[in-house]
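Structure, as structure tokens:
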Amino acid sequence: MSALQNRFLLVSDMHYTTEETTEELKQMYPGANTSAAAGNAFGKTQKGKIDKLLGDILEEHRRSPLDAVLVLGDLSIDDADFRNLPWDYCRRFREDCMDKLPCPAYALPGNHDSYSDAHWKEVFGYGREFTVSVGDCVFLMADTFREVPAHGASGSPHNPLDPSFLRNCFAQHRGKKLFLCAHHLEQNTFLPEVREMIRENRDLVCMFRGHVHKNSITDLGDELGGQKLIDIGGYGYEGRVVNGRYDFNYFDFAWAWGYQILEIYNDCIRTYHVKVQNRYDAVNGIFDIPETAEGELYFPLHP
């Protein structure tokens, strides 16, 4: 590989929320309705989990500087306005993590971040759907959960990609390196026009999504131009029924905490997933997980 030009970190699904249980919070705020995933996360407080993420990003930046951090949704479990929490955890995440980073950071909403476009703009300075340009790289930050507010514990429903957003982005950024990012992308919901644009656009390098809390790579096939869809993992959980009760502190290595690195070189593009070093104090045991890197992919640069 030749000289490194740009370096990015993508992360998702922190699910920042209350330490209090529903019963505890209702004593202070009768209308509140907390998530079943509230409280400690694998031996860390909710703030401790965000501090862990911040420390991991700072260490990654120390090893090799980052040009930007891209947060692909589910910053919170606010499910606005369904949960009626007394605090805005998207704002708290910005204050406790994003504002402390040594490089620019951008966040798009997930299904649990079900705030209006005006609210998102007031907190972050931009709307729910936008683009990020760094050098000749452009990240198309697509909103696929735009039906707000939420009406239940799962937050907003998934919406298909907006063809007009893609069409405008592709037209405005011809010749750039394009990366399509969303909290969730469901291939079977792509409209025919979207399929054609993705299949024919040679500037589109790959797609990144969060939501599933795991890291994996999917080849979308010839119908979509051989595009790769990369699940970037996150700092979330996977609920399991333990002793007759749904528990969000069950550990499974498949969704161990981590993030995606994207590196731009003069002659290629490289991406890989980092599972961070962490101790998980889980309902099914204590697990000390070392840092590992996996799923390395290279993309050629189109002339």
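The residue list 157, 30, 42 was ranked by how far each Cα lies along the charge dipole of the range 1-160 toward its positive end, using unit charges on Cβ atoms, and 42 comes out on top. Quick one: what are the phi-derived ³J(HN,Hα) couplings along the range 271-287, Karplus 6.51/-1.76/1.60 with θ = phi - 60°, whole Hz, x for glycine and proline? Values, residue by residue: 9, 7, 9, 10, 8, 7, 5, 6, 9, 10, 8, 10, 5, 9, x, 10, 10 Hz. With N counted as the residues of the range 110-175, its alpha-carbon radius of gyration over 2.2 N^0.38 Å works out to 1.23.
Taken over the C-alpha atoms, the chain has Rg and Dmax values of 19.0, 63 angstrom. Proximity of backbone amide H atoms, modeled 1.01 Å from N, is registered between residue 107 and 71 at under 5 Å, excluding neighbours fewer than 5 places apart on the same chain. Taken along the Cα-to-beta-carbon direction at a fixed 7 Å, the label points for residue 296 and residue 24 span 4.4 nm.
For the chain, a Gaussian network of Cα nodes joined below 10 Å ranks 269, 77, 232 by mean-square fluctuation, and the top entry is 269. Peptides 283-292, 61-70 ordered by packing proxy, namely the average of other Cβ atoms within 10 Å per residue, highest first: 61-70, 283-292. With a ≥ b ≥ c taken as the square roots of the eigenvalues of the C-alpha gyration tensor of the range 55-123, please select rounded if a/c is under 1.5 and otherwise prolate if a/b is larger than b/c or oblate if it is not? In terms of gyration-tensor shape, prolate.
A simple charge model with +1 on the Cβ of Lys and Arg, -1 on the Cβ of Asp and Glu and nothing else charged puts the dipole of the chain at about 400 debye relative to its Cα centre. Two numbers describe the Cα atoms of the range 72-194: Rg and Dmax, which are 14.8, 46 Å.
Largest GNM mean-square fluctuation across 74, 222, 252, computed for the chain with C-alpha springs under 10 Å, falls on 222. For a test of the definition: using alpha carbon positions, the gyration tensor, and the 1.5 limit on a/c, classify the range 122-217 as rounded, prolate or oblate. Prolate. In a GNM of the chain with a 10 Å cut-off on Cα contacts, which of 197, 28, 141 has the highest mean-square fluctuation? Judging by the Gaussian network model, the answer is 28.
For the range 151-303, just say rounded, prolate or oblate: build the C-alpha gyration tensor, square-root its eigenvalues into a ≥ b ≥ c, call rounded for a/c under 1.5, and beyond that prolate if a/b exceeds b/c, oblate if not. Taking the square roots of the gyration eigenvalues as a ≥ b ≥ c, the range 151-303 is oblate. Among 112-122, 96-106, 46-56, 206-216, the peptide with the highest mean count of other Cβ atoms within 10 Å heads the list, and the full ranking is 206-216, 112-122, 46-56, 96-106.
In order along the range 103-108, the phi-based Karplus estimate (6.51 cos²θ - 1.76 cosθ + 1.60, θ = phi - 60°) of 3J(HN,Hα) comes to 9, x, 9, 9, 10, 10 Hz; Gly and Pro are listed as x.
Got a sec? Charge dipole of the chain, +1 on Cβ for Lys and Arg, -1 for Asp and Glu; which of 75, 119, 106 is way out at the positive end? It is 106, whose Cα lies furthest towards the positive end.
On average over all directions, what projected area in square nanometres does the range 1-59 have, based on the convex hull of its Cα atoms? Can you show the working numbers first?
Working: hull surface 24.3 nm².
Result: a mean projected hull area of 6.1 nm².
Set the Förster radius R0 to 22 Å, insert the Cβ-Cβ distance between residue 122 and residue 167 as r into 1/(1 + (r/R0)^6), and round the FRET efficiency to 0.05.
Details: r = 28 Å, r/R0 = 1.27.
According to the calculation, E is roughly 0.20.
Bear in mind these aren't lab numbers, they're just calculated from the coordinates by the rules spelled out. What you see is a predicted model; the values in this text were computed from it and never measured. With ideal geometry, Cβ positions are generated from the backbone for all residues, glycine too; neighbour counts draw on all protein chains shown.
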